[in-house]
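Peer 1: Here it is, the structure in full.
The values are calculated or read from the model by the stated rules, or taken from the named source; none is laboratory data. Just so it is clear, the structure is predicted and the values come from calculations on it, not from any experiment. Heads up, the Cβs are rebuilt from the backbone with ideal geometry, glycines too, and the neighbour counts pull from every protein chain shown. Accessible surface is based on the protein model in full, side chains and every heavy atom, while ligands, DNA and RNA are left aside. Shrake-Rupley method; radii C 1.70, N 1.55, O 1.52, S 1.80 Å.
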Amino acid sequence: MNFQKNDTVTVTIEDMGSDGQGIGRADGFTLFVKDAVVGDTVEARIVKNKKTYAYARTEKVLTPSPFRVEPKCSFHRQCGGCQLQVLSYEKQLEFKQDKIRNNLIRIGGFSPEDIDRCMEPIVGTKQPFRYRNKAQYPVGTDRDGNVIAGFYAGRTHSIVANTDCILGPEENREILEIILNHMRKHRISAYDETTGEGLVRHILIRKGFTGSEIMVCLVLNKKMTDASFKEAGRQKEGDKYNPYTYNLRPHEWIAGQEELLRRLSHVEGMTSVSVNCNAERTNVILGKEVVTIWGCPAITDTIHVRDMNRPDFPFTDRELSFSISPLSFYQVNPVQTEKLYSLALQYAELTGQETVWDLYCGIGTISLFLAGSARKVCGVEIVPQAIEDARENARRNGIANAEFFLGKAEEVLPEFYAGGESNGTEENRENGDNGHGNNRRGSREMCHPDVIVVDPPRKGCDEACLATMLKMQPERIVYISCDSATLARDLKILCAGGQYRIERLRGVDMFPQGVHVETVVLMSRVEGK
Ligand code: SAH
């Protein structure tokens, strides 16, 4: 029998797919059922049918799963962000443990026995709500023409109004209401992606959870044209820039700007307000330029890292402070970040003598923790502002043995390696600066480091990067990944020649209620290879 679109069917959910959909069988068909969790029996409506499988959506839960819980947010079905909210937290962790394991077996080609020998239990959290320090709310217009901010409905770009996402801090609501009310009062338009018209595209809010400093960045559909302002707006790091006290003409990016800034500045913890210009007709949220229009150009947060297995180990229990500017990446779950970094440090097994690369280093968070336990650390990162932050962060924490390189990991590392293998003398190193603050000619010790740490974005590492890592022959590779599918693909490449083998691996739940999971893997070099 073949299902037709809009048929209803009763199905018991036996498993869950990697995007959080329920999986069940009916009449020899595999059904992928939205809004159903393992253990449910549901009545589902077919939305799309294929030869041997079909997609369906839950119409009614007939017998709820014992793992089902009451959702905390009334938008959980529409929202693209919380696919697992009706699944108990315990079961969410099990789902993520299985997801990592399955990807390593299916995509990585590792044997189940190998994975089970290395895999440690996933690190969960006691705070599965209100954990996010960053939110990016799209701004739009509802059917009646009112400006709204909220979130994209799953897999679409239609905006559902909601100013209180329960993954983020409560202050977000107050900030969004101030901005939306201001837009209504001054008739400021929201961006419309179908026409490319309208001013306000997104509102980015970031809060440093330790010092409670808040940053707001308004993403505007504008081009950065006022060059004099651009220069003036770029104050020295740490300067409190205030357009009322500075003797310069504040550029009016948005009608009634002074009034808006006054209101925002009254929010407790407000530290930085900036404008980001993005006139491109793409889905990319942020443009490349930021101007601070009130307060500091960055916020500060602190991270405390401890070695989980060796609490007495003197090097690894420390707190560092970080400056974070709007365009820089910063881990979104501060409670879990400390556990993630502790684990990475534990896997790196540093004694104080090692040379270490930290590829995809962002603002240098992991690099600077590694630096406390290593002889020398080099970080590589593609975003210029993040590299500026990283250098500032090394300075402010008094760390002198960390160096940061701006560029793509897959270009910086091979260039460094090529330079080092042919000219790795100190004299050449002195002359090797390429004008970006990068010293591209490698020293011999950094061409053959003891440890390489990588923490790439979801798409994983480029092959040129992996190939150079193999040539460098580090004793250990620590791979931190936010997508276990690309992780599995990359581990397969790294282990293919028999030169490396997986020693330990562990998931860390950075994204409770969502389907994503972070994984840390320790690989070590096989003797004699
Ligand atoms: N380790 C950091 C950042 C991890 S996120 C932390 O824990 O905070 C991944 C980082 O890789 C981002 O900062 C992103 O800007 C950077 N990135 C993306 N593609 C890159 C590439 N090809 N080369 C170097 N860095 C890249």
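Peer 1: Step by step: first the residues of region 207-228, then only those that are open to solvent by 10 Å² or more (accessible area, probe 1.4 Å) and farther than 16 Å from Thr300 by Cβ, then the one that is modelled with the highest pLDDT. Which residue is that?
Peer 2: Ranking the qualifying residues of region 207-228, first place goes to Asn221.
Peer 1: Suppose we filter region 22-33 for residues that are buried (at least 20 other Cβ atoms within 10 Å of the Cβ) and either among the basic types (Lys, Arg) or under 14 Å from Asn6 (Cα atoms) (or both); how many remain?
Peer 2: 2
Peer 1: For region 361-384, does any single residue satisfy the condition of being free of Cβ contacts under 8 Å to residues at least 12 places away in the same chain and part of a helix (DSSP H, G or I)?
Peer 2: The answer is no, given that none of the residues of region 361-384 is free of Cβ contacts under 8 Å to residues at least 12 places away in the same chain and part of a helix (DSSP H, G or I).
Peer 1: Identify the residue in region 341-361 that is within 13 Å of the ligand (Cβ to nearest atom) and farther than 22 Å from Glu319 by Cβ and, among all such residues, is surrounded by the fewest Cβ atoms within 10 Å (Cβ to Cβ).
Peer 2: Within region 341-361, the match that is surrounded by the fewest Cβ atoms within 10 Å (Cβ to Cβ) is Tyr360.
Peer 1: Between Tyr131, Tyr89, which is buried (at least 21 other Cβ atoms within 10 Å of the Cβ) and not hydrophobic (A, V, I, L, M, F, W, C)?
Peer 2: The match here is Tyr131.
Peer 1: Moving on to the next point. If you check Asn397 against the conditions, is it of a type in the set (S, T, N, Q) and farther than 17 Å from Glu445 by Cβ?
Peer 2: yes
Peer 1: Condition first: out of contact with any Leu (no Cβ under 9 Å at 6 or more places or on another chain), within 24 Å of Glu193 (Cβ to Cβ) and open to solvent by less than 10 Å² (accessible area, probe 1.4 Å). Now tell me which residues in region 271-302 satisfy that.
Peer 2: Residue satisfying the conditions is Val291 alone.
Peer 1: Here are some conditions: (1) open to solvent by 30 Å² or more (accessible area, probe 1.4 Å); (2) within 21 Å of Leu264 (Cα to Cα); (3) of a type in the set (Gly, Ala, Ser). Gly140 meets all but one. Which one does it not meet?
Peer 2: The one condition Gly140 does not meet is (1).
Peer 1: Go over the candidates Gly514, Gly498, Gly507 one by one and state the one that is touching a residue at least 12 places away in the same chain (Cβ under 8 Å) and touching a strand residue (DSSP E or B) at 6+ places or on another chain (Cβ under 8 Å).
Peer 2: Answer to the selection: Gly507.
Peer 1: Related question: Inside region 106-178, counting only strands (runs of 3 or more DSSP E) that do not spill past its ends, which hold 1 or more residues that are touching a residue at least 12 places away in the same chain (Cβ under 8 Å) and assigned by TED's automatic domain parsing to the domain that holds Ala190?
Peer 2: The qualifying strands (runs of 3 or more DSSP E) are 134-141, 147-152, 159-161.
Peer 1: For region 447-481, what are the residues that are open to solvent by 30 Å² or more (accessible area, probe 1.4 Å) and either closer than 16 Å to Glu503 by Cα or in a loop (DSSP other than H, G, I, E, B) (or both)?
Peer 2: Scanning region 447-481 gives His448, Asp450, Pro457, Arg458, Lys459, Asp462, Gln473, Glu475, Arg476.
Peer 1: For region 397-412, which positions are in a loop (DSSP other than H, G, I, E, B), more than 9 Å from the ligand (Cβ to nearest atom) and in contact (Cβ under 8 Å) with a residue 12 or more places away in the chain?
Peer 2: Asn397, Ile399, Asn401
Peer 1: Sort out which residues of region 457-485 are closer than 17 Å to Glu381 by Cα, more than 11 Å from the ligand (Cβ to nearest atom) and not hydrophobic (A, V, I, L, M, F, W, C), and write them in order of number.
Peer 2: Once the filter is applied, which keeps residues that are closer than 17 Å to Glu381 by Cα, more than 11 Å from the ligand (Cβ to nearest atom) and not hydrophobic (A, V, I, L, M, F, W, C), region 457-485 yields Glu463, Thr468, Tyr479.
Rundown of residues vs (1) surrounded by fewer than 17 Cβ atoms within 10 Å (Cβ to Cβ); (2) in contact with a Gly (Cβ under 8 Å, 6 or more places away or on another chain), yes/no style:
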| residue | (1), (2) |
| --- | --- |
| Lys5 | yes, no |
| Thr12 | no, yes |
| Asp19 | yes, no |
| Val42 | no, yes |
| Lys48 | yes, no |
| Thr63 | yes, no |
| Phe67 | no, yes |
| Cys73 | no, no |
| Gln85 | no, no |
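Peer 1: Within region 66-76, can one find any residue that is under 18 Å from Phe32 (Cα atoms) and hydrophobic (A, V, I, L, M, F, W, C)?
Peer 2: The answer is no; no qualifying residue exists.
Peer 1: Continuing with the same structure: Could you run through region 1-33 and say how many residues are in a strand (DSSP E or B) and not aliphatic (A, V, I, L, M)?
Peer 2: Total satisfying the criteria: 11.
Peer 1: If I ask for residues that are open to solvent by 10 Å² or more (accessible area, probe 1.4 Å) and among the hydroxyl-bearing types (Ser, Thr, Tyr), which ones from region 372-391 would you list?
Peer 2: Correct list: empty.
Peer 1: When you check Ile122 against the structure, is it in contact with a helix residue (DSSP H, G or I) (Cβ under 9 Å, 6 or more places away or on another chain), more than 24 Å from Glu259 (Cβ to Cβ) and open to solvent by less than 60 Å² (accessible area, probe 1.4 Å), yes or no?
Peer 2: yes
Peer 1: Go through the residues of region 66-74 one by one and say whether even a single one is touching a residue at least 24 places away in the same chain (Cβ under 8 Å), within 25 Å of Arg458 (Cβ to Cβ) and among the aromatic types (Phe, Trp, Tyr).
Peer 2: Looking through region 66-74, none of the residues is touching a residue at least 24 places away in the same chain (Cβ under 8 Å), within 25 Å of Arg458 (Cβ to Cβ) and among the aromatic types (Phe, Trp, Tyr).
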